[in-house]
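Following: one structure in structure tokens, then a few remarks.
Coordinate-derived values only; no laboratory data. Keep in mind that what you see is a predicted model, and the values were worked out from it rather than measured. For neighbour counting, all protein chains shown are included, and Cβ atoms are generated from backbone atoms with ideal geometry for every residue, glycine included.
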Amino acid sequence: MTLPENLERVLPEIGRDFFDVLVIRTDFSDDESWNAVVGELHRPWGPVGEFPSTVQLVETPAWSGATTDEVFAAVVDEELIVVFLADRNTMQSPTRALLALSTAREDVSGLDPVYYRELIESPEPREFRAMPAAVHGVQVDLALGNVNFAEYAGAASEEPDQVLRPI
């Protein structure tokens, strides 16, 4: 399902806590896989499962086929640090890895290239994949500033399948 060109995808108002994981379903091809992802997201998390999961799910068919750019454009909540997408790869992957998308907006257009060459030429990564069991830790660490998005992206890139696992 694609939207007419004159309509934009709008992220619904969600009453969410700062530590809630936000997951947008963009693939509706496999309800069984989706239900498995949701089941994993609702499990307690932490080293010994001591924390309850807090997840906000957006599973409106209007998001079917949404691209990362469309999701990025729809996010206007300045407190939202990361959003997770359940896309086609999620539904087809044995790990059911979600796509973590950074919502940070850095404008480097006005920076002096002499002094900020590294920042301009090597922008922060915007996405990586994470198993559902890892997303709660990612959300909390990013919200608290314990770890930055680039560190998680780097950890995911070091895995053979490029998927972040729970620590």
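Taking the criterion of being surrounded by 18 or more Cβ atoms within 10 Å (Cβ to Cβ) and under 19 Å from residue 159 (Cβ atoms), the residues of region 65-94 that qualify are 82, 84, 85, 87, 90.
Would you confirm whether any residue within region 129-137 is farther than 20 Å from residue 91 by Cα and charged (D, E, K, R)?
no
Return yes when residue 22 is surrounded by 14 or more Cβ atoms within 10 Å (Cβ to Cβ) and part of a loop (DSSP other than H, G, I, E, B) and no when it is not.
In short, no.
Of all residue pairs spaced 6 or more apart or on separate chains, those with beta-carbon atoms under 8 Å, a first member in region 21-32 that is closer than 12 Å to residue 89 by Cα and a second member that is of a type in the set (Lys, Arg) and surrounded by fewer than 19 Cβ atoms within 10 Å (Cβ to Cβ) are 26/88; 27/88; 29/88.
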